[in-house]
Amino acid sequence: MFCALTFFCLWHLVDGINTVSVMEGDSVTLQTNVTNIRNIQWSFGPEKTVIVVQFNKGTPDIDYFNAERFRDRLQMDNQTGSLTIKNIRTTDSGLYQLQIIKYIPIYFNVSVYARLPIPVVDSSNCSSSSSGSLQNCSLLCSVVNVSHVTLSWYKRNSLLSSISVSDLSISLSLPLEVEHQDKNTYSCVLNNPISSKTTHLDISQLCQTCEGSVHCCGFTEAVIRLVISAVVGVAIVAIVVYEIKS
């Protein structure tokens with residue numbers, strides 16, 4: 001058994017069923033490994049809807065059905081009966097059955113996974129000690145519109161935390177608190193059974209150091225602090241001027 005025209009593909013046998021995992025947009029070939037065959041029929045789904053039929057091996061007379069779902073994306077080898085699904089979609093996931101006269105059915109359970117986005121890391125909250133020096137930064141790794149994935153935090157090669165989801169098209173987020181002076185390498189990883197996307201972190205850039213009692217953790221907080229300082233400064237000047245005039 002093998003996957004054709006695709007790099008991301010896993011194939012193994014579970015309880016007599018060939019289990020195939022493939023990335024959305026790639027192509028996969030369901031290989032028969034059967035010779036001297038005739039009267040081939042491929043079906044799909046729990047209703048066993050017929051999608052391809054060939055009555056005589058080696059002849060070009062191959063009939064394709066269920067055009068609304070697959071359109072022109074199916075191609076069967078007229079010598080081996082192997083079925084290729086091109087530009088595969090997540091809706092093509094399911095059970096495929098190959099029925100050959102005088103042979104027991106052969107089953108293929110195909111799982112199609114969507115392409116993964118790159119995790120986004122945000123640092124919006126920082127905490128400081130009583131002396132005002134920056135101590136910790138709270139990071140948040142997030143992704144949107146994902147399914148059947150795991151989102152994880154790693155410190156170097158060690159797993160710190162993870163969260164998994166099997167629902168369709170939801171958003172995931174995973175927090176992490178680190179010390180500002182931490183020089184370790186951190187990364188946020190999004191993966192499914194056949195692929196992964198990783199965002200590596202530079203702690204010194206995400207949580208910048210500010211001298212004295214001031215600490216900065218983001219543009220919004222810096223603006224708020226600047227506005228407050230300006231208002232207080234104007235108020236003090238007004239009070240001093242009033243006292244002098246009095």
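The table below lists the values:
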quantity: All positions within segment 94-115 that are surrounded by 18 or more Cβ atoms within 10 Å (Cβ to Cβ) and within 22 Å of ILE194 (Cβ to Cβ); calculated: TYR96, PHE108, VAL110, VAL112, TYR113, ALA114
quantity: Of the criteria (1) exposed (fewer than 15 other Cβ atoms within 10 Å of the Cβ); (2) in contact (Cβ under 8 Å) with a residue 40 or more places away in the chain, which one ASP61 fails; calculated: (2)
quantity: Segment 116-131, subset assigned to a loop (DSSP other than H, G, I, E, B) and either among the acidic types (Asp, Glu) or modelled with pLDDT under 65 (or both), residue surrounded by the most Cβ atoms within 10 Å (Cβ to Cβ); calculated: SER129
quantity: Selected residue [modelled with pLDDT of 70 or more, farther than 20 Å from LEU140 by Cβ and open to solvent by less than 60 Å² (accessible area, probe 1.4 Å)] from ILE228, ILE194; calculated: ILE194
quantity: Residues being assigned to a strand (DSSP E or B) and either surrounded by fewer than 19 Cβ atoms within 10 Å (Cβ to Cβ) or modelled with pLDDT of 85 or more (or both) - total across segment 132-141; calculated: 6
quantity: Scope segment 74-93; condition in a loop (DSSP other than H, G, I, E, B) and open to solvent by less than 20 Å² (accessible area, probe 1.4 Å); matching residues; calculated: GLY81, SER82, ILE88
quantity: Qualifying residues in segment 99-115 (those that are out of contact with any Pro (no Cβ under 9 Å at 6 or more places or on another chain), farther than 30 Å from TYR186 by Cα and not aliphatic (A, V, I, L, M)) - the one modelled with the lowest pLDDT; calculated: LYS102
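The values are calculated or read from the model by the stated rules, or taken from the named source; none is laboratory data. Everything numeric in this text was worked out from a predicted model, so none of it was measured. Positions of Cβ are backbone-derived with ideal geometry, glycine not excepted, and every protein chain shown enters the neighbour counts. Each accessible area value is taken on the protein alone, full model and side chains, heavy atoms only, with ligands, DNA and RNA left out. Shrake-Rupley method; radii C 1.70, N 1.55, O 1.52, S 1.80 Å.
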